[in-house]
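Notes follow once the structure below has been shown.
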Amino acid sequence: MLRTALPGPRSRRLQQRRDAALPHGLGVTLPVFVDRAGGGVLVDVDGNHLIDLASGIAVTSVGASAPAVVSRVREQAGRFTHTCFLVTEYDGYVEVAERLNALTPGDHPKRTALFSTGAEAVENAVKIARAATGRPGVVVFDHAYHGRSMMTLAMTAKEVPYKSGFGPFPGEVHRAPYAYPLRWPGGPGDCAEQALAALRELLDRVGADTVAALVVEPLQGEGGFVVPAPGFLPGLERIAREHGIVLVADEVQAGMGRTGTLFACEHEGIVPDLVCTAKALGGGLPLAAVTGRAELMDAVGPGGLGGTYAGNPVACAAALGVLEMLADGTLLQRARRIEGIVRDRLEPLADELVTVAEVRGRGAMMAVEFVRPHSPDPDPDPDTNPDPDPDPDLARAVAARCHAEGVVTLVCGTYGNVVRLLPPLVIPEDLLREGLDVLVAAIRSAS
Ligand code: PMP
């Protein structure tokens, strides 16, 4: 429900102040200022009600003001806001760690260390893997996104805007192809097998015994919501085991219920050695974690892990609210239901429009990849997959149209040609359907 054109006059005034006070390097998807939010709705300072299909980039999965989170945050903030867990302790940290140890895949003994951001969790997973193996190398994938700190930028694939101008980056980072079915040169059929063969070749080249960690998003986020070809993740697990490489699952975006299981790894039953979580874990407060095999986690000497704010008590209280809400499985079911609704509404477009290459994702992590129609090849080679020409302009136009109508969607993908949907798991169905109607109309008109 919109009262003004977006952005409204109050947002525009605030935007002017922002522009004068903040650096240009801080981008913005939709320049409206939010007054309150919850239940899949963002209310801006001009009284416009926006449909939230972004969840603050996969953070507010249980809602932006869920009572189970808000009441715990209030209660904790009223008692104390900070001690630094490395100075004096509090039970919320231990309880979050115990829960994550129990919930992450695998029933081996585990430990959890808490941090504040996803990038910090991934960096610390690398530190732990290096300390445990005594090896320097890190293998990551095409289209990967792991954060904006120097090490995680080295691990992130996309150059512009994340990396350009910021190098040199830390070394010992090797990149292998991700099993991206739509864009696999040999076609989706052999995608997993060929991607695993390429990884083996890379390990032969760099020396598998120099590699500490294999870091993978079990469903890629910023890279385009790429669901890896079936068999790829189990193959990575096998290869990592074979060579004593620590398998790190970056579940920062896909984890904590987003894909309809608590962790995206569970879709293929793999058991990573270390799991990085963040985003939805803190229900909107900054909290991240590395959870993993006790013997790996304990390889770091005393004082080697931590940080001033790492595992902040208010963020831990919020996380306990999130974990309570996820506990009975209702929200996981909701995520799967959201997938069904999104597929029913969007998949017909893939048949109808040549510009819609694929509707993909899992649970409440769904996306549409846009391509430019190309003239039919008069002499097609049956053994190669014509790489569909990405259409970032179309993705941008679709998102802009949604934004103008008050539906918050995000663009992602190495080529910027994917529109992604990350609704809160608690979004009412009618609101989701309303948002999808706007998206479908936007796709039709922009195509
Ligand atoms: N890993 C993945 C898979 C992510 O999607 C992100 C954030 N988009 C990060 C790491 C970095 O998280 P943060 O922004 O909290 O540092």
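Based on what the data block shows, is Arg148 among the basic types (Lys, Arg) and either surrounded by 19 or more Cβ atoms within 10 Å (Cβ to Cβ) or more than 16 Å from the ligand (Cβ to nearest atom) (or both)? No. Just one of the listed residues (Cys265, Cys276, Cys316) is part of a helix (DSSP H, G or I), within 16 Å of the ligand (Cβ to nearest atom) and assigned by TED's automatic domain parsing to the domain that holds Val226, namely Cys265. I'd like to check something: does region 116-136 contain any residue that is assigned to a loop (DSSP other than H, G, I, E, B), within 12 Å of the ligand (Cβ to nearest atom) and either not assigned by TED's automatic domain parsing to the domain that holds His243 or not β-branched (Val, Ile, Thr) (or both)? Yes, the conditions are met somewhere in region 116-136. Regarding region 292-305, can at least one residue be identified that is in contact (Cβ under 8 Å) with a residue 60 or more places away in the chain, touching a Lys or Arg at 6+ places or on another chain (Cβ under 7 Å) and within 12 Å of Met256 (Cα to Cα)? Looking through region 292-305, none of the residues is in contact (Cβ under 8 Å) with a residue 60 or more places away in the chain, touching a Lys or Arg at 6+ places or on another chain (Cβ under 7 Å) and within 12 Å of Met256 (Cα to Cα).
Sub-7 Å Cβ pairs linking a first residue in region 51-63 that is more than 13 Å from Leu439 (Cβ to Cβ) and within 11 Å of the ligand (Cβ to nearest atom) to a second residue that is assigned to a helix (DSSP H, G or I) and open to solvent by less than 10 Å² (accessible area, probe 1.4 Å), at least 6 apart or interchain, are Ala58/Ala280; Val59/Ala280, ordered by first then second residue.
Just give me the residues in region 400-421 being open to solvent by 20 Å² or more (accessible area, probe 1.4 Å) and either under 12 Å from Met365 (Cα atoms) or of a type in the set (Lys, Arg) (or both), in sequence order. The one that is open to solvent by 20 Å² or more (accessible area, probe 1.4 Å) and either under 12 Å from Met365 (Cα atoms) or of a type in the set (Lys, Arg) (or both): Arg401. Taking the listed residues Gly223, Gly187, the one that is open to solvent by less than 30 Å² (accessible area, probe 1.4 Å), touching a residue at least 60 places away in the same chain (Cβ under 8 Å) and within 12 Å of the ligand (Cβ to nearest atom) is Gly223, with no other qualifying. Would you call Thr384 open to solvent by 30 Å² or more (accessible area, probe 1.4 Å), outside the structural domain of Ala280 (by TED's automatic domain parsing), modelled with pLDDT under 95 and β-branched (Val, Ile, Thr)? Considered against the rule, which asks whether it is open to solvent by 30 Å² or more (accessible area, probe 1.4 Å), outside the structural domain of Ala280 (by TED's automatic domain parsing), modelled with pLDDT under 95 and β-branched (Val, Ile, Thr), Thr384 comes out as yes.
For region 50-102, residues that are under 11 Å from Cys316 (Cα atoms) and among the acidic types (Asp, Glu) total 2. Within region 279-313, being in a helix (DSSP H, G or I), among the aliphatic types (A, V, I, L, M) and within 16 Å of the ligand (Cβ to nearest atom) holds for Ala280, Leu281. Of the set (1) part of a loop (DSSP other than H, G, I, E, B); (2) assigned by TED's automatic domain parsing to the domain that holds Gly321; (3) under 23 Å from Ala264 (Cα atoms); (4) not β-branched (Val, Ile, Thr), all apply to Ala97 but (1).
Condition check ((1) of a type in the set (Gly, Ala, Ser); (2) buried (at least 18 other Cβ atoms within 10 Å of the Cβ); (3) more than 16 Å from Thr112 (Cα to Cα)) across all residues:
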| residue | (1), (2), (3) |
| --- | --- |
| Val227 | no, yes, yes |
| Arg241 | no, no, yes |
| Ala254 | yes, yes, yes |
| Gly257 | yes, yes, yes |
| Ile270 | no, yes, yes |
| Ala278 | yes, yes, no |
| Leu285 | no, yes, yes |
| Cys316 | no, yes, no |
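The values are calculated or read from the model by the stated rules, or taken from the named source; none is laboratory data. Computed from a prediction, not measured in an experiment: that's the story for all the values here. All Cβ positions, even for glycine, are placed from backbone atoms using ideal geometry, and neighbour counts span all protein chains on display. Surface areas here come from the heavy atoms of the whole protein model, side chains and all, with no ligands, DNA or RNA. Shrake-Rupley method; radii C 1.70, N 1.55, O 1.52, S 1.80 Å.
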